[in-house]
Amino acid sequence: MSRFPIIEVDDVVDSKVKAVYDEIIAELGFGIVPNIFKSMAIHPDLLEANWKKFKATMLTGFIPRTVKEMIGVAISQANNSQYALNVHLHGLSALGMSEAVLQTLVSDFDACPLPEREKAVIRFGLLAATKPLELSTADFDNLQTLGLNLGEIYEIIATANLFTEVNQYTDAIALEIDAL
């Protein structure tokens, strides 16, 4: 059971929380407010700030959302963070990712049927999240050789940062996995 209350859409009384929930439902694309945001509703300003960071990181930019979700899955698996792992695997499925890709993404990444460019991006994101001091000039050069610019590489690092935060937060409060 979550250490913070899960404030359901129908129970919202704060106008800022209501506005953020409405935006999440409209922009996230799943027709729900995930538990992570419902658990933040006890502090409307931080809910709003966290939603804005999530939205800017995951729903905009040059790196496709599916790739960012896969970075999140890799980081969550490495951190053994069940909330984000399960929610983002479901998200990838809802975004049309095949079951074969989803299974190998978590069971045998090297055999995952993804283009090498996407695998390199995911590996880089995982390294940025779990061993940032081990990132080398060669790692950056490799991505640039694959056609990524510095703005795209920044997005990968921002995604890694977001999922590191998500894992820490959801694990600290023992957040319940959404009923998907």
Practice task
Can you send over the carbon and sulfur percentage of the accessible area for the chain, probe radius 1.4 Å, protein chains only?
Solution key: 56
Problem - Long-range Cα-Cα pairs in the range 62-177 (distance over 19 Å), rounded percent - result: 43
Completion exercise
With x for Gly and Pro, the residue-by-residue ³J(HN,Hα) of the range 106-122, computed from phi through the Karplus equation 6.51 cos²θ - 1.76 cosθ + 1.60 at θ = phi - 60° and given in whole Hz, is 9, 9, 7, 4, 4, 8, 4, x, 10, x, 4, 4, 5, 4, 5, 5, 5
Handout entry: Share of Cα-Cα pairs in the range 1-149 lying beyond 27 Å, as whole percent
Key = 30
Problem - Relative contact order (%) - the range 103-180, alpha-carbon pairs under 8 angstrom, separation at least six - result: 29
Exercise for the section: Arrange the peptides 86-97, 146-157 so that the one whose residues have, on average, the most other Cβ atoms within 10 Å appears first. Expected result: 86-97, 146-157
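Can you tell me, using C-alpha contacts under 8 Å and at least 6 residues apart, the relative contact order of the range 59-141 as a whole percent?
The value is 31 percent.
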Completion exercise
Summing -39500 (n - 2.57) over every DSSP H run of at least 4 residues in the chain and dividing by its residue count gives a helix-only mean residue ellipticity at 222 nm, to the nearest 500 deg cm²/dmol, of -20500 deg cm²/dmol
Handout entry: Backbone HN-Hα couplings from phi across the range 161-171 [Karplus 6.51/-1.76/1.60, Hz, Gly and Pro as x]
Key = 4, 4, 6, 4, 5, 4, 4, 4, 5, 5, 6
Exercise for the section: For the range 1-89, just say rounded, prolate or oblate: build the C-alpha gyration tensor, square-root its eigenvalues into a ≥ b ≥ c, call rounded for a/c under 1.5, and beyond that prolate if a/b exceeds b/c, oblate if not. Expected result: oblate
Handout entry: Over the range 1-45: Kirkwood hydrodynamic radius from C-alpha pairwise inverse distances, Å
Key = 10.6
Handout entry: Lys/Arg +1, Asp/Glu -1 at C-beta; the chain dipole; positive extreme among 158, 5, 20
Key = 158
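The values are calculated or read from the model by the stated rules, or taken from the named source; none is laboratory data. Predicted model, so just to flag it, every value in this text is computed and none were measured. Methodologically, a virtual Cβ is constructed for each residue, glycine included, from the backbone with ideal geometry; neighbour enumeration extends over all protein chains shown. Ligands, DNA and RNA are stripped out before the accessible areas are found, and what is left, the full protein with its side chains, is counted by its heavy atoms. Shrake-Rupley method; radii C 1.70, N 1.55, O 1.52, S 1.80 Å.
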